1. Are there any pairs with C-beta distances below 8 angstrom linking a residue in the stretch 17-30 that is within 14 Å of Ser117 (Cβ to Cβ) to a residue that is among the small types (Gly, Ala, Ser) and within 11 Å of ligand 1 (Cβ to nearest atom), with the two at least 6 apart or on different chains, and if so which?
2. Return the residues of the stretch 110-154 that are within 14 Å of ligand 2 (Cβ to nearest atom) and of a type in the set (Phe, Trp, Tyr); say none if nothing qualifies.
3. Considering only residues that are farther than 12 Å from Gly114 by Cβ and β-branched (Val, Ile, Thr), look in the stretch 166-184 and name the one that is nearest to the chain's Cα centre (by Cα).
4. Mind checking which residues of the stretch 156-188 are open to solvent by less than 10 Å² (accessible area, probe 1.4 Å), under 17 Å from Ala4 (Cβ atoms), assigned to a helix (DSSP H, G or I) and without any contact (Cβ under 8 Å) to a residue 24 or more places away in the chain?
5. May I ask you to say which residue of Ser145, Ser115 is within 16 Å of ligand 1 (Cβ to nearest atom) and modelled with pLDDT under 95?
6. Given the stretch 61-148, what helices (runs of 4 or more DSSP H) lie entirely inside it while holding 3 or more residues that are closer than 24 Å to Leu33 by Cβ and among the hydrophobic types (A, V, I, L, M, F, W, C)?
7. Would you confirm, using the coordinates I've provided, whether Thr103 is closer than 19 Å to Ala4 by Cβ, in contact (Cβ under 8 Å) with a residue 24 or more places away in the chain and away from ligand 1 (no atom under 15 Å from the Cβ)?
Amino acid sequence: MIKACIFDLDGVIVDTAKYHYTAWKRLANEIGLDLTLEENEQLKGVSRMQTLEIILKKGNLQDKFTPEEKVALTTRKNDWYLGFVVKMDENEVLEGVEDFLKTLQNNNIKIGLGSASKNAPKILEVTGMAKYFEVVIDGGKVKKSKPDPETFLLGAEGLGVLPSEAVVFEDSYKGLTAAINGGFYTVGIGSSEILGEAHLVLDGVKDMTLDKLHSMNI
Ligand code: B16
Ligand code: MG
């Protein structure tokens, strides 16, 4: 019996990946590096500081900056990113998401968020989605980031369900791996080339139904 759904944020509820990419690319350019869209794919679901480390490593610059300078670089990137976030509203919620959240509520299925982003509560607020989420686990609440399952395990614990009673919706390979490692049912949002290990792969939450949800653990 499925009792809860736990959603990733970026790439599942909203498409903030394009804003992360613009802000990281600007930072990369400032320190003499480039960042392609393909490279950006590897950054999805990765925490802020780990993302910086990956970008620096690409240019062999990981030892060029002190820990304090690295914090300052991530703060600069986040300030640019927040410039996009403050302009977001309910129109940025991906197709079908709000309808499906309402369906879950109407059928007493608990709803949680499991995101690597420290900005997750703010994004839920500006898009009007906060009211649907009983538990929000964001990047500030975990010690180990995805692919470690901590994010989703804390989500399940907060909702009072077992991983085997919950479905995780994820768009990134690292996030999907985190959910699988935690023993959850999984829905991959995106391409089956990247997310083929999920129990079900869909183009978007718009393609999810209550029937599909309940047939996952038959
Ligand atoms: P922040 P998700 C992740 O969100 C993004 O996919 C990733 O690109 C970002 O670096 C990470 O959040 C941290 O975000 O800088 O806002 O704390 O996909 O786990 O919802
Ligand atoms: Mg994501």
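1. Correct list of pairs: Ala17/Gly11.
2. Residue satisfying the conditions is Phe152 alone.
3. Thr177
4. Across the stretch 156-188, there are no qualifying residues.
5. Testing whether each residue is within 16 Å of ligand 1 (Cβ to nearest atom) and modelled with pLDDT under 95 leaves just Ser145.
6. On the way: elements: 67-85, 97-106, 120-126.
The qualifying helices (runs of 4 or more DSSP H) are 67-85.
7. Numbers: closer than 19 Å to Ala4 by Cβ: yes; in contact (Cβ under 8 Å) with a residue 24 or more places away in the chain: yes; away from ligand 1 (no atom under 15 Å from the Cβ): yes.
Criteria met by Thr103.
This table checks each residue for (1) assigned by TED's automatic domain parsing to the domain that holds Gly175; (2) under 22 Å from the mean Cα position of the chain (by Cα); (3) surrounded by fewer than 18 Cβ atoms within 10 Å (Cβ to Cβ).
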| position | (1), (2), (3) |
| --- | --- |
| Tyr21 | no, yes, no |
| Asp34 | no, no, yes |
| Glu38 | no, yes, yes |
| Leu43 | no, yes, no |
| Thr51 | no, yes, no |
| Asp63 | no, no, yes |
| Pro67 | no, no, yes |
| Ala72 | no, no, yes |
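The values are calculated or read from the model by the stated rules, or taken from the named source; none is laboratory data. Remember, it's a predicted structure, so these values are computed and weren't measured experimentally. Counting neighbours? That spans all protein chains shown, and the Cβs are built from the backbone with ideal geometry, glycine included. Ligands, DNA and RNA are excluded from the accessible area calculation, which covers all protein heavy atoms including side chains. Shrake-Rupley method; radii C 1.70, N 1.55, O 1.52, S 1.80 Å.
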